[in-house]
Amino acid sequence: MNAIPIYKIDGRQLYYTFIAGCKKILEQQYYLNKINVYPVNDGDTGSNMAFTIQSAIESVLPDKSFTITANRIAETTIMNARGNSGIIFAQFLFGMSKETGERESLTIPQFAVCIKNSIPYMYEAVANPIEGTMLTVIREWSEFIYTKREIITDFNQLFVCSKEVILKSLSETKQKLLVLAKANVVDAGANAFVLFIEGIIELIYTNSIRKLLRSKTEPLILPMNNEHISEEVKFRYCTEGILRKLTIDQRTLSLILQQNGDSVVIAGDEKIKHIHIHTNNPANLFYQLKNVSLITFQKADDMLRQSEVIFNRKWKIALVTDSTCDLPQELIDQYQINMLPLNINFGESHYLDKITIQPEQFYTLLSQYSEFPKTSQINEKTFVKLYAQLAAQYDSIIAIHLTDKFSGTYFNSQKAAQAASKEFNKPITVLNSKNLSGSLGLIILRVARAIEAGLSHNEIVLMAEKWIRDTRIFVSVKTLKYMVRGGRVSHIKGFMANLLNVNPIVSMDKNGNSFVFGNTFSQKRNMERVMEHLYNICKDLEVWNYIVLHAQNMDAAEWYTQKMNEFTGKMPVAVVNISPVIGSNAGIGAVSVALMFN
C-alpha cells in the first residue's frame, strides 16, 4: 500500500470514501439478491441496498465540512432507504451524522467515538434486534475501530486492517442464524456492509478518485435470483412509509407497528420517521397512522407473489395489470396476477391504490376531506423492476392497462417492457385496454383463463385485441359533485346538472375516451336505461360474463345483479367496490355494470 497517509478526514474525503463503498455494493447487487434468505427469502437485498445508496450517489454534493457532507448523505439515504438492511444502514449513517458534532474534519479518535456512538441508533431502530445480521457486523467493525483509535494514526491503514475483522464477523453469521446455516450462505445485509468497506479499501489501493467517478456500475434494478428452500410467507407485504409531524413517541409507534406485523424498523428522528414492517394489512396500518402523522411516502411489495414467482408459478406466461383493474382479490391470487398500484394523494398524504388504502377507507376519506384527492401514474422504474423479476422466471409476459386517455401508466409500462425484453430476450407485450375498472377486470380474467388453458403468447395477444373491442362499461353517476371537484366537469355544468337533478351515464368509446351515454333525472332511471340499451344491442350477441361495481351503493349493485341475472342467466363474476382511483371521479353512490361479449 503506497497511499499517502490520511490523519484527518474532511467532508470531501468522506464523500469519495462513501461513493467507493456504494459502487462496490452496486457491482455485487445480483449476488446479494441471490444469497438473501433472511429475514424473508425474497431475493431483493441487493436491489434494496442499491436503491438506498443510488439516490445519494446521484444527488449528494460534497462539502469541505465533514458534518455538512455527513448530514447530506444521512438525509438522502433515510428518505430513499428500501428494505430492512437498507433502512438499518441508513440509520447507521444517520447516527454518525448526529454524533459528529460541528466539525470540518475528524481525527481517528474522533471518528472512532462517532462510529461507536452510532451503534445504538441502529439497535434502537429495530424492534427485535437479531445478532448474526448487518447489526452484528457493523457493531464489531465499530468496536475494532474504537480499540485501535490510539494505536493507528492513518485512516488508510485503519480501514485496511479492519477487513480481517469484518470478514470473520461475516463468516460467523452462519453460526448465529439457523436459517443461514441451513441455506449455507452468510447474511446478505451483513455482506453488503462488508462490500462497502471493501470498496473503500480498493479506493485506498488505487488512489484514483478520477477513475472512481468515471467508473460504470451495474443496472440498479436486477431480477430476483434465489435458489434456496422456499419458506412460508407469514406476512404478505414488505411495507414502508415516511412519517412526518408525528404526535406520538417512538415507543408508542413501535407498539402500533408490532401489533400489525414483524420485522419492524424505525429510522430517523423526531422530524421524520422511515418505517419498515412486514404485515398482512398495510391499509389498516396506514389508516391507523394517518391519525398520528402525515404520511408522505408508502411502499408495499407483495412478498407472497414474489415467492410464487420463484417457487410456485402455475404457468409459463406472467400476467400484469394495474390497480384500476376491478377484480376480487381471490381471483387475482388464483391466477397469480401481478397488479401494480397507482398513487393517490389526499393533500400531502400519500397512499397506494387498493394496497395501503382499500375502497371502503377511501370513500370514507373522500366524504371527509374538502380537498379533492389527486392520482398519479405508475412510474417506469416500478415496471422495470417487476419485468426484470418476472422475465427471470417466466417465458413471456403480457401486460394490460387502463386506457391511455386517463393515465400515462400504459406508456410507462411500454417503455419498461421494451428495455426488459431487450435485456432478457423475452417477449413482453403491453396492451392498451381502452377500458378501466370492471371492463379491464373482465379482459384480464379472460386472458388469465387463456393462459390457464395453455394457449400461446401470440394466440392470447391476438384474441385479447378482440376481447378489448367486445367489452363495455356503463357507469351511473349519482352526483356530479366529484367530477366537478376533480376538474372533469366544469362548475357551471355541475351547477346546472344539480339544479335540474340530472344524472349522467358515462361509458367508454372504442378509442378509450369517456363519453356521456345519456342523462336522466334519477339514478334509478339511469340504470333502467342502461338495461334497455343492453336488451337492444344484445339481441344477436352472447354475454361471456359481467361484473357489477359500486361506490358504497350496495342496494343499486343488487338491483343490477338481479336484472343482469334475469337477462343473461348468469351470476356476475363479482360484485365489487369500484377502485379508489376510478371512484374518485365517479363519486360516492356511483354504480356500474361491465360486460364482455363472446
Fill in the blank from the handout: Taking N as the number of residues in the chain, the ratio of its alpha carbon radius of gyration to 2.2 N^0.38 Å works out to 1.09
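Relative contact order for the chain using alpha-carbon pairs under 8 Å, separation at least 6, rounded to a whole percent?
Here the relative contact order equals 11 percent.
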Fill in the blank from the handout: From fewest to most C-beta neighbours within 10 Å, the residues L442, L366 line up as L366, L442
Fill in the blank from the handout: Relative contact order as a percentage, segment 36-135, C-alpha pairs under 8 Å and 6+ apart, gives 25 percent
Practice task
Obtain the nm distance between the two label points defined at Q334 and R210 by a simple spin-label model: each point lies 7 Å from its Cα along the Cα-to-C-beta direction.
Solution key: 6.5 nm
Problem - C-alpha center-to-center spacing [segment 414-479, segment 139-215] in angstrom - result: 48 Å
Completion exercise
Taking the chain and counting helices only, DSSP H stretches of n ≥ 4 at -39,500 (n - 2.57) each over all residues, the nearest-500 ellipticity at 222 nm comes to -16000 deg cm²/dmol
Handout entry: Cut-off 18 Å (backbone N to label point 7 Å along Cα→Cβ of I4), residues of segment 14-50
Key = 14-17
Fill in the blank from the handout: Footprinting proxy, H276, H350, H401: sorted fewest to most Cβ within 10 Å, the residues are H350, H276, H401
Exercise for the section: Distance from a point 7 Å along Cα→Cβ of M571 to each backbone N in segment 533-548: keep the residues under 15 Å and list them by number. Expected result: 546-548
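Using a cut-off of 13 Å between beta-carbons, work out the net charge of the residues near M508 (Lys and Arg +1, Asp and Glu -1, M508 not included).
+2
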Exercise for the section: List T133, T17, T296 from most exposed to least, where exposure is judged by having the fewest other Cβ atoms within 10 Å. Expected result: T296, T17, T133
Completion exercise
If the chain between E528 and E452 were fully extended at 0.36 nm per residue, the gain over the current Cα-Cα distance would be 23.7 nm
Problem - Cα-Cα separations in segment 1-76 greater than 13 Å, expressed as whole percent - result: 70 percent
Handout entry: Point-to-point label distance, A181-Q288, nm (Cα→Cβ direction, 7 Å offset)
Key = 3.5 nm
Fill in the blank from the handout: Distance in nm between E459 and F515 label points, each 7 Å along Cα→Cβ, equals 3.6 nm
Problem - Residue pairs, from the table K381/K405; K245/K374; K234/K273; K299/K434; K182/K273, whose Cα atoms sit over 30 Å apart - result: K182/K273
Problem - Positive dipole terminus of segment 232-312, leading residue within V265, I310, T252 (C-beta point charges) - result: T252
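No value in this document is a laboratory result; all are computed from the given coordinates. The shown structure was predicted, so the numbers you read here are calculated from the model rather than taken from an experiment. Heads up, the Cβs are rebuilt from the backbone with ideal geometry, glycines too, and the neighbour counts pull from every protein chain shown.
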